[in-house]
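Here the structure is laid out as structure tokens; the discussion comes afterwards.
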Amino acid sequence: MFVCPVAAFLAENLRQISQRTISTASRRQIENRIAEKQKFFQEENGIPVHLKGGVMDVLLYRATMAISVFGTAYVVYELLVASMPKKQK
Amino acid sequence: MAHQAHSYHMVDPSPWPILGATAALLTTSGLIMWFHFNTSYLLALGLLSMLLVMLQWWRDIVRESTFQGHHTPTVQKDLRYGMILFITSEAFFFLGFFWAFLHSSLAPTPELGGQWPPSGINPLNPLEVPLLNTAILLASGVTVTWAHHSITESNRKQAIQALALTILLGFYFTALQATEYYEAPFSIADGVYGSTFFVATGFHGLHVIIGSSFLSVCLLRLIKFHFTSNHHFGFEAAAWYWHFVDVIWLFLYMTIYWWGS
């Protein structure tokens, strides 16, 4: 999955940190967006880091919690079933 | 606004530790349901929740370090200790399987024909695909070191090339091992030879897949400018893990594949 974008990059001159000439290639270039991310995640809004990214964070968290709660309840149920004697005729 | 007067990282409250524990509960219970009652729904739930927890927990660590700057040198030092301790624990894990192999192979019982490999077992030729696999992993150790040097020297293009090559070599190893497993004339059910062979090499293969995944995440982060020339611990941790996987293979090759044939 990561091989294709890598192959694209291998074929082009990327802007180096050491200030080489900018390529005039018209191929797709990844830009350094770290400063934006840093500003976004350092905003003092009181949101904990696991939810700070936005709506997707909340959805993923809820999905994970739902699976865990449901699964734990199911385990307890199966334990109860497995620990009851089966009726033998 | 209060700021800390120490160099440690006091993390935000997080649900991942406890959800990771429930994922482990679901996975282990799921294994029991699968073994004893032949249903795999719980196991699937367990593995899914494990994957979700890992993705979100590690995503948060990237946010805390690269985006929020919490990984001071103190924190980094402690993370190094942690990774070394973890890899040491993995070494002990494999030690157990090597012990099991040596226990059975050093003094083969009469039931095995008093010999190792046991009667009726045709072992794989160590000079064929296993030798190629050895070369592949050794080469990947070189390429990952090349990638590290490229990162410290701020050579972005070479770092990406070298890390990509490392990952490709890892995939190549996995693909070759998969064909070996498919073509092998013996199975895991073939007595203690089959058990020790497939459990030891199987867990190693799983660790190759884990290591390749870790390196792939590092490649993505490398492309997205997360690493600097003097702060790239995520990559170093992945490289340590990869070298560990390589060393385990060398022991596997020398004992099980070569001596054991």
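The values are calculated or read from the model by the stated rules, or taken from the named source; none is laboratory data. These numbers were taken from a predicted model, which means no experiment stands behind them. Positions of Cβ are backbone-derived with ideal geometry, glycine not excepted, and every protein chain shown enters the neighbour counts. Protein only, heavy atoms only, side chains kept; ligands, DNA and RNA dropped before computing areas. Shrake-Rupley method; radii C 1.70, N 1.55, O 1.52, S 1.80 Å.
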Restricting attention to the stretch B:28-40, which residues are within 8 Å of chain A (Cβ to nearest Cβ) and either free of Cβ contacts under 8 Å to residues at least 12 places away in the same chain or not small (Gly, Ala, Ser) (or both)?
B:33
Scan the stretch B:82-111 for residues that are within 18 Å of the chain's Cα centre (by Cα) and either farther than 30 Å from residue B:196 by Cβ or hydroxyl-bearing (Ser, Thr, Tyr) (or both) and report the count.
3
Meets criteria (under 27 Å from residue B:177 (Cα atoms) and not assigned by the TED database to the domain that holds residue B:228) for residue B:43:
yes
Enumeration of residues in the stretch B:186-205 that are part of a helix (DSSP H, G or I), aliphatic (A, V, I, L, M) and more than 16 Å from residue B:251 (Cβ to Cβ):
B:192
Please identify the pairs in which a residue from the stretch B:125-137 that is open to solvent by less than 10 Å² (accessible area, probe 1.4 Å) has its Cβ atom under 9 Å from the Cβ atom of a residue that is assigned to a loop (DSSP other than H, G, I, E, B), counting only partners at least 6 apart or on another chain.
B:130/B:124
Considering each of B:86, B:94 in turn, give the residue that is away from chain A (no Cβ under 14 Å) and within 21 Å of residue B:216 (Cα to Cα).
B:86
